[in-house]
Amino acid sequence: MTRKRRLGDRSDGRKLRTLDPMSRIAIFIMKDRNDALNYFSDSIDTEEMDRYIQKKRAEGLKGFGLMHVLLAAYVRTVSQYPGLNRFISGQTIYARNKIVIALTMKKKMELNADETVIKQEFAPDATAEEVFRSFYQLVEQNRKEEQSDFDGLVRILNYIPRLVLRGLVGFLKLLDYYGLLPGFLTNLSPFHASFFITSMGSLGIPPIYHHLYNFGNVPVFLSFGARRSEYVLQKDGSVQKRWFLDMKFVLDERICDGHYYAAALKCIRRYLKNPEELDKRPEQIVEDVD
């Protein structure tokens, strides 16, 4: 559904006008994003995901893995719980126009290798295969390129004297506050996205609680770790070795209430437990409130 842009809307989101008064007041009480962080930890048995990943690889999706299942589950959840895709800017709550996911990646798995940040937009009805193909292509492209547009921008900023740079960043924050930041900068900025994800599993360590950024408007950060084994007591009294994936969410509590967050996080879990559902398109795409 395409909505006509109204006064108060931004290039990356539309102002929500029908939320309850407490939602608006809370933004002034918790002014900065890091004043409003909630932390959520979850572990999930990966048996169904492992089976699903093997199936996808057998179908020719080389490189398909846990990252892609998590991304597809999140995109699908946003299609049903659009409140998860809101953001705060300028003491105002907005519904983001697109589903955009950001990821920091190393170009090589070496200690001093260069890092870059990639962003990818996904359609709300995207299947797991579509998520994989677009994301995998973007990752491979950035590994081959010597410098992305974001890398180029960072290199330019690096040459600016610190006092001038401090003033420039302050000016950009001011523009962002009033929704006047140029579109090409919000498109490049990893701090303007629906969701940030990082894999600690690729480093072989458990997940961390990663802070959100006061600059920009990312409301959710997910970190997941390496799979771990655990011996689980079965109903018949036997003990079975199972594999689990640990996840840590850091959430901006101002975009929606606890009940809404709980329902959305349960939805993510359902898709991870039943990943075959991600091969089907959703029956409907739920629109956020006005």
Determine if region 220-236 includes at least one residue that is assigned to a loop (DSSP other than H, G, I, E, B), within 22 Å of GLY13 (Cα to Cα) and in contact with an Asp or Glu (Cβ under 8 Å, 6 or more places away or on another chain). no
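Mind checking which residues of region 60-106 are basic (Lys, Arg), surrounded by fewer than 17 Cβ atoms within 10 Å (Cβ to Cβ) and either at positive phi or not in a strand (DSSP E or B) (or both)?
LYS62, LYS98
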Name the residue, out of SER194, SER229, that is polar (S, T, N, Q) and under 20 Å from the mean Cα position of the chain (by Cα). SER194
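Conditions tested, residue by residue: (1) among the hydrophobic types (A, V, I, L, M, F, W, C); (2) over 20 Å from TYR178 (Cβ atoms); (3) assigned to a loop (DSSP other than H, G, I, E, B).
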{"position": "ARG3", "(1), (2), (3)": "no, yes, yes"}
{"position": "ARG10", "(1), (2), (3)": "no, no, yes"}
{"position": "SER23", "(1), (2), (3)": "no, yes, no"}
{"position": "TYR39", "(1), (2), (3)": "no, yes, no"}
{"position": "SER43", "(1), (2), (3)": "no, yes, no"}
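With open to solvent by 70 Å² or more (accessible area, probe 1.4 Å) and either more than 17 Å from the chain's Cα centre (by Cα) or β-branched (Val, Ile, Thr) (or both) as the only criterion, which of ILE44, ILE25, ILE53 stands out?
Values: ILE44 fails: open to solvent by 70 Å² or more (accessible area, probe 1.4 Å); ILE53 fails: open to solvent by 70 Å² or more (accessible area, probe 1.4 Å).
Answer to the check: ILE25.
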Being more than 30 Å from SER23 (Cβ to Cβ), aromatic (Phe, Trp, Tyr) and open to solvent by 20 Å² or more (accessible area, probe 1.4 Å): is that true of TYR177 here? no
Residue satisfying condition, being among the aromatic types (Phe, Trp, Tyr), open to solvent by less than 50 Å² (accessible area, probe 1.4 Å) and without any contact (Cβ under 8 Å) to a residue 60 or more places away in the chain, within set PHE132, PHE150: PHE150
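The values are calculated or read from the model by the stated rules, or taken from the named source; none is laboratory data. Predicted model only: the values in this text are computed from it and were never measured. Cβ sites come from the backbone with ideal geometry, for glycine too, and all protein chains shown count toward neighbours. These accessible areas exclude ligands, DNA and RNA; they are computed on the full protein's heavy atoms, side chains included. Shrake-Rupley method; radii C 1.70, N 1.55, O 1.52, S 1.80 Å.
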